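Quick notes on the structure that follows.
The values are calculated or read from the model by the stated rules, or taken from the named source; none is laboratory data. Source: prediction; values computed, not measured. Heads up, the Cβs are rebuilt from the backbone with ideal geometry, glycines too, and the neighbour counts pull from every protein chain shown. Keep in mind that these areas ignore ligands, DNA and RNA; they rest on the heavy atoms of the full protein, side chains included. Shrake-Rupley method; radii C 1.70, N 1.55, O 1.52, S 1.80 Å.
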There are 2 protein chains.
Amino acid sequence: MVQTAATNKTETDKPENPLEKLSILLETDMKRVNQLILKHMKSDIPMIPQLAGHLIAAGGKRVRPLLAVAAAQMFDYDGEDHCKLASCVEFIHTATLLHDDVIDESEQRRGKASAHVIFGNEAAVLVGDFLFSRAFQLMVEIGSLPILKILSNASATISEGEVLQLTTTGNTRITREDYLNVIRAKTAELFAASCEAGALAAGGTEEECAALRSYGENLGIAFQMVDDILDYRTPDAALGKNTGDDFREGKMTLPVVLLLKSASEEEKEFFEKAFLRTETQKTGDFEKACTLMEKYGIFEKALHEAESYGQQAKDALTGFDKNPEITSLLSGLIDFVINRRH
Amino acid sequence: MVQTAATNKTETDKPENPLEKLSILLETDMKRVNQLILKHMKSDIPMIPQLAGHLIAAGGKRVRPLLAVAAAQMFDYDGEDHCKLASCVEFIHTATLLHDDVIDESEQRRGKASAHVIFGNEAAVLVGDFLFSRAFQLMVEIGSLPILKILSNASATISEGEVLQLTTTGNTRITREDYLNVIRAKTAELFAASCEAGALAAGGTEEECAALRSYGENLGIAFQMVDDILDYRTPDAALGKNTGDDFREGKMTLPVVLLLKSASEEEKEFFEKAFLRTETQKTGDFEKACTLMEKYGIFEKALHEAESYGQQAKDALTGFDKNPEITSLLSGLIDFVINRRH
């Protein structure tokens, strides 16, 4: 029996989670999305599909394209714009990842060596630019100015969020609100834009588009909060992500913000020292930080916050009953995102 | 009497060159362009206007925005789209410069320390992304899908050209055609798109837009060829550019392609050694390379090629007689670009 690497389950198994179930339900559309991605990744410059393919083939979960397609299919859409939109959203996301990895100096992404490690920083920056341009070309093909507006606003917001994150890195005085501003921009915005533009492509009303935007935004916030918790918890292999990255980079995430509110002066002093002087971090510092988080129940507190955004995402789905199967899976996706272990 | 740093002339002097004359003739539009640039550079994240302003205030010549505005004014355009377009083009150009400087590790740009030296590579990459997104937001504001198409195609072509340049760096077997493909994409495309989109915004016919595109493209090729020649000739201070950069980086430009066709085996061996192993370049290597270029008349040959593209740019202006003053200045700009000494 063949094992599929991504899910570690047998082929005959039933899909385990709402993400897989959505992928199967929307298989025809998602195949078209993949075709479009491959088609538009092409270039006469061989390094471009090589590098882009390295990341895209590395098997992301295609969450954002799925959201765009699902949002459109909540209105039983029978056009093709949502597939173009979905590929466009994946290109924007991939471009962001390429630039992120250069900046974070991450050595792994999706369980493989990061593109910039293999191809060099220069190529990663430039191919990121190329994918970003391709995304806009695809949008122009769709030919809808309102969709172009949503996605160009999203792109600007994402890069603002990334710059904001850069300026908050290592600054232990930042608040929960600062943190929220960062993740709302760098992560939740593209989730929100994917859902909103998907609904718009399918002819959703202003209210429906706004509701799905709210779903995407709150799901994105919950998603990033859980991601930030897992960076202090996941074993290396599971996500193919280096656990402890955020700690080593001095990234101000929710667990850190919450810990610094609870810890004693002495603990705070240890944490700030290890966290702020990333170059002098010693073996065991990260583990000690994790122990402190356990001690003050930081993970539970952070998870509780993620759940409250999850609830807002669920509320946003109220009244969408044209395609109840998708509505139910999108609702299930919220719990899945919150309860995942990697 | 006040001296203006950029031109080193007194304020009462008459404008010396077609670029200045165009700026004065189109002053009202260019002031509006500058306002739009400042307005759209704004962000709640202070680092963004700081970093973008560092480069934009560093006083580029605004060649591309001028071309966009001039192309529109050849049709006596009285709308505002050409100014938005011109700011958008300057944002794309600035984003490219920011990413270029990270990649080239240039320490100077426009006579000042490069942004990445002051703000770090991460910020330079991200603010580049932000400016690029802002450019698309501005295009969406214009609301013309054909203009969006021209500029999104241009963006994709530019990044392809940059990747191509990366893969040809240090490869002494590349041909004149390979070099042309690089500069056509990385430089000439944005000149071409600026002119074409400017004409389109002003209601030019398909033929007129194509002719102005051809003007921009050929001017851009000539411009880059001369830039590449000057990198082996200009004294440091004039352009605020590090002379010899291309040599140190192993960049395959026209003078190198031509030299390798003319030099003796022994000279080629020296050149390839110094050029390919950039880390072992010795003092005097660059000067020796320049001497070889003088010996074989490489600068004259390269200039001759630039002139032939300049002629094509001039030919493209034939028949534009609605605003003869602009036509004449655009023609003069070709000679100015070719004959400049820095």
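Structure notes:
- For segment A:293-307, a residue qualifies if it is more than 15 Å from A:Gln224 (Cβ to Cβ) and among the acidic types (Asp, Glu), and the qualifying residues are A:Glu294, A:Glu300.
- Failed condition for A:Ala124, given (1) modelled with pLDDT under 95; (2) within 23 Å of A:Arg340 (Cα to Cα): (2)
- Search result, residues across segment B:291-329 that are of a type outside the set (Val, Ile, Thr), touching a Phe, Trp or Tyr at 6+ places or on another chain (Cβ under 7 Å) and modelled with pLDDT of 95 or more: B:Ala313, B:Ala316, B:Leu317
- From A:Ala199, A:Ala188, A:Ala192, A:Ala210, residue being open to solvent by less than 10 Å² (accessible area, probe 1.4 Å), over 14 Å from the mean Cα position of the chain (by Cα) and not charged (D, E, K, R): A:Ala199
- If you go through segment B:73-115 and keep only what is part of a helix (DSSP H, G or I), of a type in the set (D, E, K, R) and modelled with pLDDT under 90, you end up with B:Asp100, B:Asp101, B:Asp104.
- Count of segment A:52-72 residues which are part of a helix (DSSP H, G or I) and either modelled with pLDDT under 95 or of a type in the set (Val, Ile, Thr) (or both): 7
- B:Ala5 on the phi < 0 side of the Ramachandran plot, at pLDDT below 85 and open to solvent by less than 40 Å² (accessible area, probe 1.4 Å): no
- Segment B:322-334, residues that are out of contact with any helix residue (DSSP H, G or I) (no Cβ under 7 Å at 6 or more places or on another chain) and either open to solvent by 70 Å² or more (accessible area, probe 1.4 Å) or under 15 Å from B:Glu307 (Cα atoms) (or both): B:Lys322, B:Pro324, B:Ser328
- Exclusive hit being touching a Cys at 6+ places or on another chain (Cβ under 7 Å), open to solvent by less than 20 Å² (accessible area, probe 1.4 Å) and either in a helix (DSSP H, G or I) or hydroxyl-bearing (Ser, Thr, Tyr) (or both), set A:Tyr179, A:Tyr215: A:Tyr215
- For segment A:225-244, the criterion of being crowded, with 18+ Cβ neighbours inside 10 Å, of a type in the set (Ser, Thr, Tyr) and in contact with a Lys or Arg (Cβ under 8 Å, 6 or more places away or on another chain) is met by at least one residue.
- Residue check, A:Met252 modelled with pLDDT under 95 and crowded, with 22+ Cβ neighbours inside 10 Å: yes
- Residue that is nearest to B:Val257 (Cα to Cα) [pool: residues in segment B:270-300 that are polar (S, T, N, Q) and surrounded by 14 or more Cβ atoms within 10 Å (Cβ to Cβ)]: B:Thr278
- Residue count for segment A:152-171, restricted to those that are open to solvent by less than 30 Å² (accessible area, probe 1.4 Å) and more than 8 Å from every other protein chain (Cβ to nearest Cβ): 5.
- Inter-residue pairs, beta-carbon under 7 Å, first facing another protein chain (nearest Cβ under 7 Å) and assigned to a loop (DSSP other than H, G, I, E, B) and in segment B:133-150, second open to solvent by 30 Å² or more (accessible area, probe 1.4 Å) and among the hydrophobic types (A, V, I, L, M, F, W, C), 6+ apart: B:Gly143/A:Leu145
- The listed residues are A:Ala313, A:Ala289, A:Ala274, and the only one of them that is farther than 30 Å from A:Tyr215 by Cα, assigned to a helix (DSSP H, G or I) and in contact with a Gly (Cβ under 9 Å, 6 or more places away or on another chain) turns out to be A:Ala289.
- Failed criterion for B:Lys261 (all others in (1) farther than 25 Å from B:Leu329 by Cα; (2) in contact (Cβ under 8 Å) with a residue 12 or more places away in the chain; (3) in a helix (DSSP H, G or I); (4) open to solvent by 50 Å² or more (accessible area, probe 1.4 Å) hold): (2)
- Whether a residue is among the β-branched types (Val, Ile, Thr), without any contact (Cβ under 8 Å) to a residue 12 or more places away in the chain and outside any helix (DSSP H, G or I) was assessed, and B:Thr283 passes this test.
- Residue in segment A:76-92 that is over 21 Å from A:Leu25 (Cα atoms) and under 14 Å from the mean Cα position of the chain (by Cα) present: yes
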